[in-house]
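Here is the structure we will look at, set down as structure tokens.
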Amino acid sequence: MSTPETTVPPETGQQIDRFSRSSRWVHWLSAIFMTICILTAAILYNGSIAVLVGHRYLVEQIHVYSGFALPLPLTVGIFNRGYRDDARRLNRFAPQDWAWLRSRARRDGTIEVGKFNAGQKLNASLSAGSIGVLLISGVVMYFTSLAPLPWRSGATFVHDWFALAVGLLVVGHIAMAAKDPHSLTGMRTGRVPLRWARREHAAWAREIAGDPPATTRDSAPRN
């Protein structure tokens, strides 16, 4: 006989580790540098805001050096095992990730996903790729002796459009995080409720709890 839904499961209130301190530091430092880049870019490219703020040269320098610093947390984090494990998981697409993307009922728990769902993996890939493009195009724009004028003009075009795309990506990321308080708490404190993990990241929760993996065709370990 199945347990009535009114029965409180023994794992109620149980917390599990989700993010190491290094992963959280990388995330929040990257978020700070990215926010500074977005805000200073808005000032530099909007004449009305630029007039109100003033100090254009200072704003430009803050934008440039924040952009140069943006890849540093990602690079330094590689030396930490916990961060490397998260990066490896984000970089791996398993069969259930593709099924999750195709499904209209992707959030009902039918398709078990690992520590990160396919949306989070895509966001990480797009963010990392965009940071690389923005850094390279920014270097070409800032160090004018490195490339001829046509290259700098092209770099400016690419930099502007990628900056707009990244801004929209960040807004979407914040909006999704705001809808899930437990996910936001996990990135803030490093811990999440086990019940939330079983609902949102069932395959990862099985791994953490030491349960046997699901035998469905869409399941795969450690993603």
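Values as computed for the structure displayed
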read-out: Residues located in the range 99-135, provided they are buried (at least 20 other Cβ atoms within 10 Å of the Cβ) and among the small types (Gly, Ala, Ser); value: 114, 118
read-out: The range 49-94, residues that are in contact (Cβ under 8 Å) with a residue 60 or more places away in the chain and either touching a Pro at 6+ places or on another chain (Cβ under 9 Å) or closer than 23 Å to residue 135 by Cβ (or both); value: 64, 67, 68, 70, 71, 80, 83, 86, 94
read-out: Qualifying position, being surrounded by 13 or more Cβ atoms within 10 Å (Cβ to Cβ), among the aromatic types (Phe, Trp, Tyr), out of contact with any Lys or Arg (no Cβ under 8 Å at 6 or more places or on another chain) and under 21 Å from residue 22 (Cα atoms), among 142, 83; value: 83
read-out: Selection from the range 101-120 of residues that are within 24 Å of residue 174 (Cβ to Cβ), touching a residue at least 40 places away in the same chain (Cβ under 8 Å) and not basic (Lys, Arg); value: 113, 114, 116, 117, 119
read-out: Any pair with Cβ under 6 angstrom, 6 or more apart, that starts in the range 127-155 at a residue that is over 21 Å from residue 69 (Cα atoms) and ends at one that is assigned to a helix (DSSP H, G or I) and modelled with pLDDT under 90; value: none
read-out: Spans of helices (runs of 4 or more DSSP H) in the range 172-216 with at least 2 residues closer than 18 Å to residue 100 by Cβ and either at pLDDT below 90 or touching a strand residue (DSSP E or B) at 6+ places or on another chain (Cβ under 9 Å) (or both); value: 194-200, 202-209
read-out: Matching residues, the range 21-50, being aromatic (Phe, Trp, Tyr) and either touching a Ser or Thr at 6+ places or on another chain (Cβ under 7 Å) or crowded, with 18+ Cβ neighbours inside 10 Å (or both); value: 33
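The values are calculated or read from the model by the stated rules, or taken from the named source; none is laboratory data. The structure displayed is predicted, hence computed values, not measured ones. All Cβ positions, glycine included, derive from the backbone under ideal geometry; neighbour counts span all protein chains shown.
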